[in-house]
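Reading through the structure tokens given below for one structure.
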Amino acid sequence: MPRIIQRSYPDGAAQHLTKAGFAPLLARIYAARGIENKEQLDTDIKRLLPHTLLKNTGQMAGLLADAIAEHKKILVVADYDCDGATACAVAVLGLSALGAQVDFIVPNRFEYGYGLTPEIVRLAAQSKPDFLLTVDNGISSVEGVEEAKRLGIHVLVTDHHLPGDTLPDALCIVNPNQSGCTFPSKNLAGVGVMFYVLMALRAEMRERGSFSNEGTTPSPGGRGGPNLGNLLDLVALGTVADVVKLDDNNRILVQQGLQRIRAGRASKGIEALLQIARKSAPKTSAYELGFVVGPRLNAAGRLEDMSLGIRCLLTDDATEANEIAAKLDVLNRERRSIEAEMQEAALFALEQTDPADGYSLVLFDETWHQGVIGILASRLKDKFHRPVIAFARSSNGEIKGSGRSIAGLHLRDALDLVAKRHPHVLQKFGGHAMAAGMTLREEHFGEFQRAFETVAQTLLSPNDLETVIETDGELEPCDFSLDIARVLEQQVWGQGFSEPLLHGDFRVQAQRIVGEKHLKLTLASASTSFEAIHFFSTDPLPKEIRAVYSLGVNEFNGRVSLQLIVKHWEAI
């Protein structure tokens, strides 16, 4: 059973926020998430970190400005996930608005694998580009860049993944995680990096007077050029979907994008994806981006070709956007069905062993779908609270794995340790602290499984494997407030800035099933009763429970009320 603990927070920061006018509960919540002053919660676009702090943006801006002036052809090389798709769309739309001749190519994950491989370079070369511009990939593409140079094509790399020991010999690299980059936010998603490159490019073109004789829309600074704010809905989507840490800078990007979506100024593609999922644009939150829009886009890259998803984001035609969104929705339903079958097979296989006996789970099934193993790993990680790597058969005797980790084990560093101890096992790998991908020969699976378990035992403690639910404590009666719920609802929550959870003991006064799959509740504490709901559960609750919940706003038949959203409960 999960252990419920209260999240700690610096008392000094909470007191400072209270003096600044925040309700004590909000001050406690924000302080626990690293907020020390109210300016950190200001999401005005003017508070974005300047592009001049991001290493090599000036150099890349100069190269791109020259390419535009000389009518060179730029080909964007995308990645096949949501971050890669949005980064590609931002690159194509932004560069086009700045006058570039630009197109895109995205590798089919089943044919070409990840990133700028020599194979994708040769395919790209058929359209005779002058420049290849990578988005959300490229930092590990040493061989691909060499192949491009051999073919006389310049390579510009924009990426956010952690670099390996050797950087590709590209013409220019922009990556906040490369050596020597002092950019304060190391958590930019791939789409965020590309957005910063566009800001630097527009500034460079302003300095050159590129917009002085054009009928472009003035920016807020009144210096001409396209309004790059039009791309922020895409930046928000990719940032949330890639589950990067929502630090101060990323929260500005996401909040600005959400404001555009809520105001009806989103791209036709995002509008269509929300509509097909029956979600209201004015009520869109980070949750809808991460769990509604993102999965539908990702379904294209997982099952077919992400170019379909990119086309959805690029089109300015509502009819075309709706048609593509419908196709993506069908693919997402198919993905769910495949995922359910794979999860059933994995759980059946694990019946033969006790996952609690090990520190990790490394699984392989020759029938599993290569595009869905990442989701499977995520589901099993959540269920067993262990780092999980799931493998599917590829080709030529290779298997490809996708891993998800828990706090306490940096997945890419763990794989690096395996590679150093067993240099012949891993053919290639890359990723983040919480997610990574890898390729190895099928005959080396058992050796890798044992090696990764050894590394996991080295890096993790038994306490790391215990499922813990962190909450922001219990509420005072005055904190059960619709106003506080509304404030929390408008904030950007996500990775590294987690949605507030509370806990408390309640009497279950009433319960009934609504919508055939949810439990509608009346919970009582002291002399006060509260409306509550437990989504996707129909099992009856005992008379007294300890509940973990969030505060929500329920709007029904014109009535607005406070609602507790139960996330977990245990009998008391």
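Readers should treat all values here as calculations from the given coordinates under stated rules, not as data from a laboratory. All values reported here derive from a predicted model rather than from experimental measurement. Don't worry about glycine lacking a Cβ; one is built from the backbone with ideal geometry, like all the others, and counts go over all protein chains shown.
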Electrostatic dipole magnitude of the stretch 342-465 [Cβ: Lys, Arg +1; Asp, Glu -1; Cα centre; debye, to 20] = 420 debye
In the list (i) 1.05; (ii) 0.97; (iii) 1.01, the entry giving Rg/Rh (Cα atoms, Kirkwood Rh) computed from the coordinates is (ii)
The stretch 47-122 and the stretch 371-435 have their Cα centres apart by a whole-number Å value of 27 Å
Mind checking the dipole of the stretch 1-52: about its Cα centre, +1 per Lys or Arg Cβ, -1 per Asp or Glu Cβ, Debye to the nearest 20?
-> 180 debye
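With +1 assigned to the C-beta of every Lys and Arg and -1 to the C-beta of every Asp and Glu, and no other charges, what is the dipole magnitude of the chain about the Cα centre in debye, to the nearest 20?
Numbers: 59 positive and 71 negative charges, 197 e Å.
It comes to approximately 940 debye.
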GluC sites (Glu not before Pro) restricted to the stretch 308-391 and DSSP loop, no more than 10 other C-beta within 10 Å = E351, E366
Once you have the Cα-Cα distance between Q343 and S280, take 0.36 nm times their residue separation minus that, and quote the gain in nm to one decimal.
-> 19.6 nm
Residues S550, S285, sorted so that the one with the fewest Cβ neighbours within 10 Å comes first | S550, S285
Taking a straight Cα-to-Cα line shorter than 28 Å from K520, and setting aside same-chain lysines fewer than 8 residues away, one finds K279, K283, K383, K543, K567
Lys/Arg +1, Asp/Glu -1 at C-beta; the stretch 342-465 dipole; positive extreme among Q343, M434, Q457 | M434
When DSSP assigns beta bridges and you keep just the ones with both residues in the stretch 341-486, what percent turn out antiparallel, to the nearest 5?
-> 80 percent
Using the number of other C-beta atoms within 10 angstrom as an exposure proxy, rank L376, L459, L133 with the fewest first.
-> L459, L376, L133
Starting from the Cα-Cα distance between R223 and T467, subtract it from 0.36 nm times their residue separation and give me the gain in nm to one decimal.
-> 82.5 nm
222 nm [θ] for the chain, helices only, -39500 (n - 2.57) per DSSP H run of 4+, per residue, to 500?
-> -12000 deg cm²/dmol
Gap separating the Cα centres of the stretch 8-25 and the stretch 524-564, nearest whole Å | 27 Å
Paramagnetic reach from D44 (point 7 Å along Cα→Cβ, amide N under 20 Å) across the stretch 475-515 | 491-492
Per DSSP, the loop-located GluC sites (Glu not before Pro) within the stretch 441-544 having at most 10 other beta carbons within 10 Å are E466, E516
Within the chain, what is the longest stretch that has no trypsin sites (Lys or Arg not before Pro) placed in a DSSP loop and near at most 11 other beta-carbon atoms within 10 Å?
-> 1-277
Pull up the DSSP beta bridges for the chain and report the antiparallel fraction as a percent, rounded to 5.
-> 65 percent
FRET efficiency (A318, S179; Cβ distance; R0 41 Å; to 0.05) is 0.35
With the contact rule set at Cα under 8 Å and sequence spacing of 6 or more, what percent relative contact order holds for the stretch 47-262?
-> 24 percent
State the extension gain, in nm to one decimal, for the chain segment bounded by D165 and R507, taking 0.36 nm per residue of separation less the distance between their alpha-carbons.
-> 117.3 nm
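Using the 10 angstrom Cβ neighbour count as an exposure proxy, how do T158, T166 rank, fewest first?
Listed from fewest to most nearby Cβ atoms, that is T166, T158.
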Set of lysines near K55 by C-alpha distance (under 28 Å), chain-local residues within fewer than 8 positions excluded | K46, K72, K73, K149, K186, K245, K428
